[in-house]
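*Asks:* After the structure tokens below, expect a handful of questions from me.
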Amino acid sequence: MIIIMKSGATEEQIGGVTEKLKKHGFGIHLSKGVERTVIGAIGDKSAIELETLAMLPGVSEIVPIRKPYKLVSREFKQEDSVVKLNDKVSVGAKLPICVMAGPCSVESREQMIEIARAVKSSGANALRGGAFKPRTSPYSFQGLGEEGLKILAEARKETGLPVVTEVVDPRDVPLIVKYADVLQIGARNMQNFVLLREVGKTGKPVLLKRGPASTVEELLMSAEYILSEGNRNVMLCERGIRTIENYTRNTLDLSAVPVIKKLSHLPVVVDPSHGTGRWDLVTSMALAAVAAGCDGLIIEVHSHPDEALSDGPQSLKPDTFAELMSKLKLVAQAVSR
Ligand code: PEP
Ligand code: MN
């Protein structure tokens, strides 16, 4: 449930309510808006008399949250959340669209630095690159591991752009936290609850990708795991789902963008690369995603897609990415971003 405090409620009154809730075993999540403070209380409602709670000084209203996800819901927090990737780049609310770009996998220092420079010069706001790769086949390239993370850190130093990279194993979280600005949870791991809890404990920004066969509600429940550990810096990513269509690798569910925006305050990022699996569809879907109201895009770029160790067919060459970025400006402008 959420306890909405009267506007002008004092710190003492807020403290009085939270103390009482804690005493009855509730987990507390404070949200201090400009107008009023909202106290999110997660726990067993039957443990407390709601009438006596409502009588405490400063309390305006008690509202039950009917949805199974609580902290991620719009009911809990009405204002859009903003996730800060570094001192210069933030995602969400009415901020400019954040474009994260780079190769699927970090393959070598030269490859990564070359692509990082190219996407930076086209106006990308963050770098992507996988060092630990979740591959369908155990015989496919699995990523460079820590060496890849070091290369990413060098690419960040070179460009000043924050780095997004995937964590596939809960045991790797402390290592990846040392190098990355954003922890990506891949689609295949969306319901790896141990991993979700681990990244939830870090406080680092998280890019949580929707599972290929997961509903929006399941995505929101996974985000709830991260927030319930105290980490509110979560971005939700639509990256395509499995349908009967097989012309594309996945079906990019763009309706998920306004749906998630309605249900949650968290920023939404769209991945048209995995969403389609085809480089020639990436630009159209990126533009459509911005028109649909997303806050960010994550796009695979490779200087030599035909030689890429993973996801070459869906990777844009740097010049096509530059064209995408200039087309994007117009659509972004049209939706006031
Ligand atoms: C990736 O970003 O390279 C990736 C593996 O994405 P997904 O988890 O969406 O398949
Ligand atoms: Mn990929």
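The values are calculated or read from the model by the stated rules, or taken from the named source; none is laboratory data. Remember, it's a predicted structure, so these values are computed and weren't measured experimentally. Because the Cβ atoms are built from the backbone with ideal geometry, glycine has one as well, and the counts that use them run over all protein chains shown. Please note that ligands, DNA and RNA were not included when accessible areas were found on the heavy atoms of the full protein model with its side chains. Shrake-Rupley method; radii C 1.70, N 1.55, O 1.52, S 1.80 Å.
*Asks:* Determine which single condition GLU75 fails, assuming it passes every other condition in (1) crowded, with 18+ Cβ neighbours inside 10 Å; (2) assigned to a strand (DSSP E or B); (3) of a type in the set (D, E, K, R).
*Replies:* Tallying (1) crowded, with 18+ Cβ neighbours inside 10 Å; (2) assigned to a strand (DSSP E or B); (3) of a type in the set (D, E, K, R), GLU75 fails exactly one: (2).
*Asks:* Identify the single condition in (1) within 31 Å of the chain's Cα centre (by Cα); (2) over 21 Å from GLU229 (Cβ atoms) that HIS29 does not satisfy, given that it satisfies every other one.
*Replies:* The failed condition is (2).
*Asks:* Any chance segment 324-335 includes a residue that's away from ligand 2 (no atom under 16 Å from the Cβ), over 22 Å from THR136 (Cβ atoms), within 17 Å of the chain's Cα centre (by Cα) and not aliphatic (A, V, I, L, M)? Spell out the reasoning first.
*Replies:* The first filter runs over segment 324-335 and keeps only residues away from ligand 2 (no atom under 16 Å from the Cβ), leaving 324-335.
Okay, now just the ones that are also over 22 Å from THR136 (Cβ atoms), so 324-335.
Still in the list and also within 17 Å of the chain's Cα centre (by Cα): none.
No, segment 324-335 contains no residue that is away from ligand 2 (no atom under 16 Å from the Cβ), over 22 Å from THR136 (Cβ atoms), within 17 Å of the chain's Cα centre (by Cα) and not aliphatic (A, V, I, L, M).
*Asks:* Do we find a residue being touching a residue at least 40 places away in the same chain (Cβ under 8 Å), buried (at least 20 other Cβ atoms within 10 Å of the Cβ) and part of a helix (DSSP H, G or I) anywhere in segment 181-188?
*Replies:* Within segment 181-188 (the criterion being touching a residue at least 40 places away in the same chain (Cβ under 8 Å), buried (at least 20 other Cβ atoms within 10 Å of the Cβ) and part of a helix (DSSP H, G or I)), the answer is yes, since at least one residue qualifies.
*Asks:* Now for a different question. Please work out if ALA131 is within 12 Å of ligand 1 (Cβ to nearest atom), in contact with a helix residue (DSSP H, G or I) (Cβ under 8 Å, 6 or more places away or on another chain) and either modelled with pLDDT of 95 or more or charged (D, E, K, R) (or both).
*Replies:* On the way: within 12 Å of ligand 1 (Cβ to nearest atom): yes; in contact with a helix residue (DSSP H, G or I) (Cβ under 8 Å, 6 or more places away or on another chain): yes; either modelled with pLDDT of 95 or more or charged (D, E, K, R) (or both): yes.
Criteria met by ALA131.
*Asks:* Checking the structure you have, find out if any residue of segment 223-234 is within 15 Å of PRO267 (Cα to Cα), assigned by TED's automatic domain parsing to the domain that holds VAL270 and small (Gly, Ala, Ser). Show your work before the answer.
*Replies:* First, pick out the residues of segment 223-234 that are within 15 Å of PRO267 (Cα to Cα): 223-224, 226-227, 231-234.
Subset that is assigned by TED's automatic domain parsing to the domain that holds VAL270: 223-224, 226-227, 231-234.
Filter again for small (Gly, Ala, Ser), leaving 223.
The answer is yes; a qualifying residue exists.
*Asks:* Whether any residue in segment 71-84 is touching a residue at least 60 places away in the same chain (Cβ under 8 Å) and within 16 Å of ligand 1 (Cβ to nearest atom) is what I want to check.
*Replies:* No: zero hits.
*Asks:* Scan (1) over 21 Å from the mean Cα position of the chain (by Cα); (2) within 16 Å of ligand 2 (Cβ to nearest atom); (3) among the aliphatic types (A, V, I, L, M) for the single condition ILE151 breaks and write down its number.
*Replies:* (2)
*Asks:* If I ask for residues that are more than 15 Å from ligand 1 (Cβ to nearest atom), open to solvent by less than 70 Å² (accessible area, probe 1.4 Å) and among the acidic types (Asp, Glu), which ones from segment 234-262 would you list?
*Replies:* Passing the criteria: none in range.
*Asks:* Show me the helices (runs of 4 or more DSSP H) entirely contained within segment 220-337 in which 1 or more residues are over 28 Å from ALA93 (Cβ atoms). Even if it seems obvious, please write down each step before you answer.
*Replies:* Working: elements: 256-263, 272-276, 279-291, 318-334.
The qualifying helices (runs of 4 or more DSSP H) are 279-291, 318-334.
*Asks:* I would also like to ask the following. Among the numbered criteria (1) touching a Ser or Thr at 6+ places or on another chain (Cβ under 6 Å); (2) in the same structural domain as MET235 (by TED's automatic domain parsing); (3) exposed (fewer than 15 other Cβ atoms within 10 Å of the Cβ), which single criterion is violated by GLY92?
*Replies:* Every listed condition holds for GLY92 apart from (3).
*Asks:* Additional query: State which residue is surrounded by the fewest Cβ atoms within 10 Å (Cβ to Cβ) when the search covers only segment 263-315 and only residues that are within 16 Å of ligand 1 (Cβ to nearest atom) and among the hydroxyl-bearing types (Ser, Thr, Tyr).
*Replies:* First pass over segment 263-315, keeping only residues within 16 Å of ligand 1 (Cβ to nearest atom): 268-279, 281-282, 285-286, 289, 294, 296-302, 305, 308-315.
Going one step further and asking which of them are among the hydroxyl-bearing types (Ser, Thr, Tyr), we end up with 273, 276, 310, 315.
On the way: SER273: 30, THR276: 24, SER310: 19, SER315: 25.
Among them, the one singled out is SER310.
*Asks:* Moving to a separate point now. Given the condition of a type in the set (Lys, Arg), within 20 Å of GLY296 (Cβ to Cβ) and either within 16 Å of ligand 2 (Cβ to nearest atom) or in contact with a Cys (Cβ under 6 Å, 6 or more places away or on another chain) (or both), answer yes or no: does some residue in segment 203-212 qualify?
*Replies:* Step one: list which residues in segment 203-212 are of a type in the set (Lys, Arg), which gives 204, 209-210.
Add one more test, that the residue is within 20 Å of GLY296 (Cβ to Cβ), and what stays is 204, 209-210.
Now narrow it down to the ones that are either within 16 Å of ligand 2 (Cβ to nearest atom) or in contact with a Cys (Cβ under 6 Å, 6 or more places away or on another chain) (or both): 209-210.
Within segment 203-212, one or more residues are of a type in the set (Lys, Arg), within 20 Å of GLY296 (Cβ to Cβ) and either within 16 Å of ligand 2 (Cβ to nearest atom) or in contact with a Cys (Cβ under 6 Å, 6 or more places away or on another chain) (or both).
*Asks:* Do you know which residues across segment 203-217 are in contact (Cβ under 8 Å) with a residue 24 or more places away in the chain, closer than 15 Å to VAL257 by Cα and more than 15 Å from ligand 1 (Cβ to nearest atom)?
*Replies:* Across segment 203-217, the qualifying residues are VAL216, GLU217.
*Asks:* Out of all the residues in segment 189-215, which are buried (at least 22 other Cβ atoms within 10 Å of the Cβ), in contact with a helix residue (DSSP H, G or I) (Cβ under 8 Å, 6 or more places away or on another chain) and part of a loop (DSSP other than H, G, I, E, B)?
*Replies:* MET190, ARG210
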